[in-house]
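Have a look at the structure below before the remarks.
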Amino acid sequence: MSLIPGPLYRGLFRPILFSLDAETAHHLALSMLSMMPPLPVADDPPELRCSLWGLEFSNPIGLAAGMDKDAIAIGAWQSLGFGFAELGTITPRPQPGNPKPRVFRLPEHRALINRLGFPSEGMEAVAPRLEKVRRAGTRMRIALNFGPNTDTPVEKVAADYAALMARLAPLADFIVINVSSPNTPGLRNWQSPDRMRELFAAMEQVSTGSRRPPILLKVAPDLDDATLGAISDTAMALHVDGMVVCNTTLKRGEVGVTSAHEGGLSGHPLRDLARDRIASVYRRTQGRLPIIGVGGIMNADDALAHVKAGASLVELYTGLIYEGPGLIAAMKKELANLLRREGFRSISEAVGTATKV
Ligand SMILES: Cc1cc2nc3c(=O)[nH]c(=O)nc-3n(C[C@H](O)[C@H](O)[C@H](O)COP(=O)(O)O)c2cc1C
């Protein structure tokens, strides 16, 4: 079912939401979604089914991190038709994030700029919400995205990730280690082979009960080929389970945007850069490391192009702001059509077909 079809969203709901400050509109929409009763979700087209790390996904389209930082609207993401939702970034202790205003729309570019800086209710507030959802069961897969507190000294950052693992890993289908937000000073420095070894060594020490979920690393789009290559090699050597490519960009002119706002840019202008970074990781790892492709996906064509570049799953955030909640149902239908038209029997068959390894 399509919850608020695109034309109705663009003609009615979007003008109302866009008349509000971006963060106010976000909280309003999120609290409405969190109150929504669960809706029956139609079965997904069989071509969209896929399996990764021993987990079944009814479709490859996921909610990107940042939309539901405190895991308050999980039922709504399932009702909207997502195959998975990445919740967070969650920090160990609660923190308010950066001063407001800190989210800005660029409608002429179908883009956003944010410098939220991980506002989070903290892991102890999020855990009971996840426990409740786990007890009830979900068709959708749940990923948790972890980040350190802003006031954590650099020598304790690895311990922050370890604390999040210990508390929340048993509640997640998979984990995403976020070392790529541009809004937490020094965080992106963890995108280096030495720091990665330190981080993953700290997480190895953590006992997560009977099961250790897959762990993925989320990277920035602003890394050059050599650095991204070194990170990909290290990820393979450390048996990291996959990479999320990519977070928001600090670039402006190179992606055709002029704006005085500081922060990470997302949405349409990020699309080609994200696709290029996905292809770069796919080539370097010879398709052996699963990639979640994210950045600038606004429709099924964009999603399929990220898949063909090398992504096994995709995610979006900004597309939902511009196209509304009916986007996911519409995208799934169109994605299945595109696969049939192009002669692919399943989404997995299309992965990496546009990238030479
Ligand atoms: C307002 C906003 C907040 C975000 N917060 C997070 C976050 O907390 N953690 C994270 O890993 N990524 C965060 N992101 C980045 C998204 O997950 C995604 O990587 C990026 O927006 C590119 O996808 P898009 O073009 O579909 O939005 C945020 C993005 C936006 C727009």
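Which of the peptides 214-227, 341-354 is most tightly packed, and how do the rest follow, going by the mean number of other Cβ atoms within 10 Å of each residue? Provide the component values of the computation, followed by the final result.
On the way: 214-227: 20.1, 341-354: 16.3.
Going from most to least packed, we get 214-227, 341-354.
I want to check the label-to-label distance for Asn299 and Ser34. Put each point 7 Å from Cα in the C-beta direction and report it in nm to one decimal.
3.4 nm
When the accessible area of the chain is split by element with a 1.4 Å probe, what percent falls to carbon and sulfur?
That share works out to 55 percent.
Could you list the residues of region 147-172 with an amide nitrogen less than 19 Å from a label point located 7 Å from the Cα of Glu131 in the Cα-to-C-beta direction?
Under 19 Å, as judged by backbone N against the label point of Glu131, lie 163-172 of region 147-172.
For a test of the definition: using alpha carbon positions, the gyration tensor, and the 1.5 limit on a/c, classify region 213-357 as rounded, prolate or oblate. Walk me through the numbers on the way to the answer.
Numbers: a/c = 1.76, a/b = 1.03, b/c = 1.71.
Oblate is the answer for region 213-357, as a/c is 1.5 or above yet b/c matches or exceeds a/b.
Please compute the net charge surrounding Ile4, taking Lys and Arg as +1 and Asp and Glu as -1 over other residues with Cβ under 11 Å from its Cβ. Spell out each step's value before the answer.
Values: positive: Arg10, Arg14; negative: Glu323.
That works out to +1.
Compute the semi-axes of the equivalent ellipsoid of region 247-299, taking the square root of 5 times each eigenvalue of the Cα gyration tensor, and list them largest first in whole Å.
24, 11, 9
Count charges around Asp222 for me, please; just the other residues with Cβ under 10 Å from its Cβ, Lys/Arg as +1, Asp/Glu as -1.
+1
Based on Cα positions only, what radius of gyration and what Dmax would you give for the chain, in angstroms?
Cα-based Rg and Dmax for the chain come out at 18.7, 53 Å.
D for region 293-343, whole µm²/s, Stokes-Einstein with Kirkwood Rh over alpha-carbon pairs at 10 °C and 1.306 mPa s: what number?
Result for D is 144 µm²/s.
Sort 20-26, 323-329 for me by packing, meaning the mean count of neighbouring Cβ atoms within 10 Å per residue, highest on top.
Answer by packing, highest mean first, reads 323-329, 20-26.
For the chain, what is the accessible area per residue in Å², given a 1.4 Å probe and the full set of protein chains?
That works out to 40 Å² for each residue.
Over region 9-150, one equal point on each Cα, no solvent: what is log10 I(q)/I(0) by the Debye formula at q = 0.09, 0.13, 0.18, 0.22 Å⁻¹?
Calculated log10 I(q)/I(0) at the listed q: -0.31, -0.66, -1.19, -1.44.
From the backbone phi of region 173-184, what are the Karplus-calculated ³J(HN,Hα) couplings (6.51 cos²θ - 1.76 cosθ + 1.60, θ = phi - 60°) in whole Hz, Gly and Pro given as x?
Per-residue couplings from phi come out as 6, 7, 10, 10, 8, 8, 10, 10, 5, x, 9, 10 Hz.
Charges only on Cβ, +1 for Lys and Arg, -1 for Asp and Glu: so what's the dipole of region 265-313 about the Cα centre, in debye to the nearest 20?
280 debye
Step through the residues of region 81-95 one at a time and calculate ³J(HN,Hα) from phi using the Karplus curve (6.51 cos²θ - 1.76 cosθ + 1.60, θ = phi - 60°), rounding each to whole Hz and writing x for Gly and Pro.
Values, residue by residue: x, 5, x, 7, 10, 9, 9, x, 6, 9, 10, x, 9, x, 7 Hz.
For region 70-135, state the semi-axes of the equivalent ellipsoid (square roots of 5 times the eigenvalues of the alpha-carbon gyration tensor), sorted largest first and rounded to whole angstrom.
Each semi-axis is √(5λ); the values are 25, 19, 7 Å.
Counting only the heavy atoms of the protein chains, how much of Ser31 is accessible to a 1.4 Å probe, in Å² to the nearest 10?
50 Å²
What percentages make up the Cα-Cα pair-distance distribution of region 1-58 when the bins are 5 Å wide from 0?
Over region 1-58, the share of Cα pairs per 5 Å bin runs 4, 14, 15, 17, 16, 13, 12, 7, 1 percent.
In whole percent, what relative contact order does region 57-137 give with Cα contacts below 8 Å and a gap of six or more residues?
Normalised by residue count, the contact order of region 57-137 is 30 percent.
Compute the length gained on full extension between Arg93 and Ala354: take 0.36 nm times their separation in residues and subtract their Cα-Cα distance, giving the result in nm to one decimal.
Net length gain for the segment: 89.7 nm.
Between Asp43 and Arg252, 0.36 nm times their residue separation minus their Cα-Cα distance comes to what?
Numbers: separation 209, 0.36 × 209 = 75.24 nm, distance 4.03 nm.
Here the segment from Asp43 to Arg252 would lengthen by 71.2 nm.
The values are calculated or read from the model by the stated rules, or taken from the named source; none is laboratory data. This is a predicted model, so every value here is computed, not measured. All Cβ positions, even for glycine, are placed from backbone atoms using ideal geometry, and neighbour counts span all protein chains on display. In case anyone asks, the SASA skips ligands and DNA or RNA and just uses the protein heavy atoms, side chains included. Shrake-Rupley method; radii C 1.70, N 1.55, O 1.52, S 1.80 Å.
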